[in-house]
Amino acid sequence: MSTVVDSTTAIDIQGLYKSFGQVRVLNGIDLKIAAGEVIAIIGKSGSGKSTLLRCINGLESFDSGQLFVQGQPLQYHNAKAMRTLRQQVGMIFQSFNLFPHLTVGQNIMLAPTLVQGISAQNAKTRALELLRRVGLAEKIDAFPEQLSGGQQQRVAIARALAMSPSVLLCDEITSALDPELVGEVLAVVESLARDGMTLLMVTHEMGFARKVSDRVIFMHQGRVHEQGAPETLFQYPRTPELVQFLSSLTS
Amino acid sequence: MRVALEFFPVLEEWPLLLTGIAWTLLLTAASTFFGLLLGTVCAYLRTQGPEWCRPFIVGYVELIRNTPFIVQLFFIFFALPAAGIRLSAEVASVLAMVINLGAYSADIVRAGIQATPRGQIEAALSLSLTHRQVFTRVVLPPALQRVWPALVSQIIIVMLGSAVCGQISTEELSYAANLIQSRNFRAFEAFIVATVLYLVLSVFVRHFFQWFGRRFVFGASRG
Ligand SMILES: Nc1ncnc2c1ncn2[C@@H]1O[C@H](COP(=O)(O)OP(=O)(O)O)[C@@H](O)[C@H]1O
Ligand SMILES: [Mg+2]
């Protein structure tokens, strides 16, 4: 199924462990993700999905193991190295997290001008381009509070894309949306997947995971419990935990 | 008892009153600018600065908040010269007001900073901003917006507190009123005029800073 076996590795995770106090949240994660691969991460609440994503861009530190992004080891305590890494790894959150005091355009232009030193003029041209891509060009001067949740999330995607990341992490990005707004956000994500973006998305939209992803990863108790191509994984789950998880969704 | 109010002898001294108003506004403007700067830096250090500097910030804030302003002023003007630091009355007044407003605003701004949703900071960090950029571009503007009414009230309190600076012969408004009544013995009228002027100044300053905040501090983009 995967057409990316011979392309370069985008993310390489080896033996990742992480505890919060006494609670072990990541319990030895091994995972290799090829450039351009689209990964859906599923699993029960509390199984460590968010923590795994947050480790990949250094919002969370890990206790042991190794994590490489584009071949570079993640150096949690090296602020400069972390910023270089974060330019390659964009993240989109369940709660949008747009900056409320900035317009849509300013939200998107902030990081390119501050971090990459792009001129305001060029940043604005690019912002407009990205907004067109997510279908919100006319909202460039609006404030976040004037937008619907779905529109806010599409702006958040445009904001992440403005840094030209090679990997995009999406943590339940449609979970806070009214059902009728989910589609517009997923359509944008699907177009990114088609364009070859490396995507790691934690999602509860199984239909979407099945349609868009190259590989589905089922997390259970801080481990990659089962993984495979969406057709096989959803139709022929091998572990009782996955069987139970899938049946809990339909009921 | 006969009450005959004679305002003319007081109003006749309008150049003195005008000088007083000018000094009061100047003291307020200078202490607002430097005081809010000091308070913001302290709030930053208190919330995200290195561990070792936090006790110093807490100590400073508590020291100022638990002692009278006039004692702080006298300390700077009368006690510092003993340590070889001699300041003019005006500089001592501004310094005392800056230190005073700095402490109060440090606490106010800190409350605004701590109300920042965690996700805002994480989103900014994910976009590769440095910690300082996160603070100045993402955390601080909404934080100031949240606490701006409290800050403006504190600025007014400091402005009214500047009346004390007349005690070290800074020629602010209350000093002018006192001087006028000592010349013409119209104490009642002189202080009625001063009271009305302080009231007008307070209303004016409050409206000014409400506008100023919207326009320049947190809402620049909204024009
Ligand atoms: N900052 C934190 N401090 C303490 N415990 C945490 C923290 N973040 C997550 N956890 C705990 O780690 C476990 C895994 O959380 P998370 O990665 O968010 O799971 P998921 O995203 O799969 O629901 C949960 O039990 C959660 O309570
Ligand atoms: Mg989660």
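The values are calculated or read from the model by the stated rules, or taken from the named source; none is laboratory data. Bear in mind that the values here come from a model prediction, so they are computed numbers and not experimental data. All Cβ positions, glycine included, derive from the backbone under ideal geometry; neighbour counts span all protein chains shown. Remember, those area values only see protein heavy atoms, side chains included, never the ligands or the DNA or RNA. Shrake-Rupley method; radii C 1.70, N 1.55, O 1.52, S 1.80 Å.
Structure notes:
- Subset of region A:13-30 (residues that are open to solvent by less than 10 Å² (accessible area, probe 1.4 Å) and either in a loop (DSSP other than H, G, I, E, B) or more than 9 Å from ligand 1 (Cβ to nearest atom) (or both)): A:13, A:16, A:29
- Residue check, residue B:144 touching a residue at least 12 places away in the same chain (Cβ under 8 Å), assigned to a helix (DSSP H, G or I), surrounded by 19 or more Cβ atoms within 10 Å (Cβ to Cβ) and within 14 Å of chain A (Cβ to nearest Cβ): yes
- From the options A:151, A:94, A:106, residue that is modelled with pLDDT of 95 or more, within 13 Å of the chain's Cα centre (by Cα) and open to solvent by 30 Å² or more (accessible area, probe 1.4 Å): A:94
- One residue alone among A:135, A:150 is more than 11 Å from every other protein chain (Cβ to nearest Cβ) and in contact with an Asp or Glu (Cβ under 6 Å, 6 or more places away or on another chain), and that residue is A:150.
- The set of residues in region A:159-181 that are away from ligand 2 (no atom under 16 Å from the Cβ) and within 14 Å of chain B (Cβ to nearest Cβ) comprises A:159, A:160, A:161, A:162, A:163, A:164, A:165, A:166, A:167, A:168.
- The sole residue among A:72, A:87 that is more than 8 Å from every other protein chain (Cβ to nearest Cβ) and surrounded by fewer than 22 Cβ atoms within 10 Å (Cβ to Cβ) is A:72.
- From the options A:93, A:62, residue that is in contact with a helix residue (DSSP H, G or I) (Cβ under 7 Å, 6 or more places away or on another chain) and facing chain B (nearest Cβ under 9 Å): A:93
- Residues of region A:36-67 that turn out to be within 21 Å of residue B:129 (Cα to Cα) and away from ligand 2 (no atom under 16 Å from the Cβ), as a count: 2
- Condition broken by residue B:199, with the remaining ones in (1) farther than 25 Å from residue A:143 by Cβ; (2) in contact with a helix residue (DSSP H, G or I) (Cβ under 7 Å, 6 or more places away or on another chain); (3) without any contact (Cβ under 8 Å) to a residue 24 or more places away in the chain satisfied: (2)
- When residue B:83 is tested against (1) more than 14 Å from every other protein chain (Cβ to nearest Cβ); (2) crowded, with 22+ Cβ neighbours inside 10 Å; (3) among the aliphatic types (A, V, I, L, M); (4) more than 12 Å from the chain's Cα centre (by Cα), just one condition goes unmet, and that condition is (2).
- Selection status of residue A:212, more than 14 Å from chain B (Cβ to nearest Cβ) and in contact with a helix residue (DSSP H, G or I) (Cβ under 6 Å, 6 or more places away or on another chain): yes
- Every residue from region A:100-118 that is of a type in the set (Ser, Thr, Tyr) and at the interface with chain B (Cβ under 7 Å from one of its Cβ atoms): A:103
- Answer from B:67, B:47 - the residue that is part of a helix (DSSP H, G or I) and either among the β-branched types (Val, Ile, Thr) or surrounded by fewer than 11 Cβ atoms within 10 Å (Cβ to Cβ) (or both): B:47
- Which listed residue, of A:156, A:229, is within 14 Å of chain B (Cβ to nearest Cβ), among the aliphatic types (A, V, I, L, M) and either within 13 Å of the chain's Cα centre (by Cα) or away from ligand 1 (no atom under 16 Å from the Cβ) (or both): A:156
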